[in-house]
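Notes follow the structure.
FYI, it's all coordinate maths here, none of it is from the lab. For clarity, every value in this text was computed on a predicted model and none was experimentally measured. Because the Cβ atoms are built from the backbone with ideal geometry, glycine has one as well, and the counts that use them run over all protein chains shown.
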Amino acid sequence: MYDDILLPFDGSDGAQAVLDHVAEIADTEDATVHVLFVADTTRDSITVIRGEPVDALVRHGQSLVADAERTLTSLDVDYETDVVQGNPASEITGYAERHGHDLIAMATHGRSGISRFLLGSVTEKVVRLSSTPVLTARMQPDEQLAFPYEDILVPTDGSPGAAPAVDHGLALASALDATVHALSVVDTASLGFDVRSAVSAEAGEGAATDAIDEVATRADSYGVGAVVQHLKHGSPVAEILDIVEEEDIDAVVMGTIGRRGTDRVLLGSVAEKTVRSAPVPVITVRRTD
């Protein structure tokens, strides 16, 4: 499933925890972890040591990736490391695309660390911009990082924007022999109480049912034997979080763009809110065509 995983690394507690999780994935998948530090060129980091100009962030990054190397060596995981300069979000997404990586793995923030370039806004920009799937983890006290994933939640609205995430989720479930939970939500929070709203709700329920039926149908072609279908009404993010808790979900795989209209499920804001709030890893997949 994964051969090359890009891990942007800043030495924070959150990044360290994601490093350990990615090492588990790489060990299972026989993948290579590519540890990347981006020295943020939007910050003034030049200093003078013994009369010579030195980029302090680059030096700090070299020290951090050396720490990551020691961790991965101790876990017997294949790795490569790199320190580059640039704007963090654009450099991370461009680096993954140039090198053909299968997955980017990031913490949404770190609790400590000097460079801390992976704080929320950068991670969310990567989620929005990346043509490579992005695994994010919040790294809060309730965060659950269990691998291999046994139960994978795939929210969908049946739109073309959701289709790549459905395929990714099914492929991942097939590789791990996991159960897929297909979820579609009729967004009643955005509906009023007039006749047109009632008609929209009925149409939305039909589309939602078709969406989860399609996941079950496509599962056969991936050799996924266990698919649980969930049709819910309410706020998409709230329903996603409820299913995560009720079904002991290990990971969420979802698109960043979905159907436009009152029954939408996967518009960018929903994906970003899920990334910020889900207590399990979230893998976002963007449609690129």
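Results, tabulated for the structure shown:
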item: Estimated FRET transfer efficiency (D289, E205; beta-carbon r; R0 30 Å; 0.05); result: 0.55
item: R276 paired with N87, simple spin-label distance in nm, labels 7 Å along Cα-to-beta-carbon; result: 2.2 nm
item: Cα→Cβ-extended label distance, 7 Å offset, between S63 and E150, nm; result: 4.2 nm
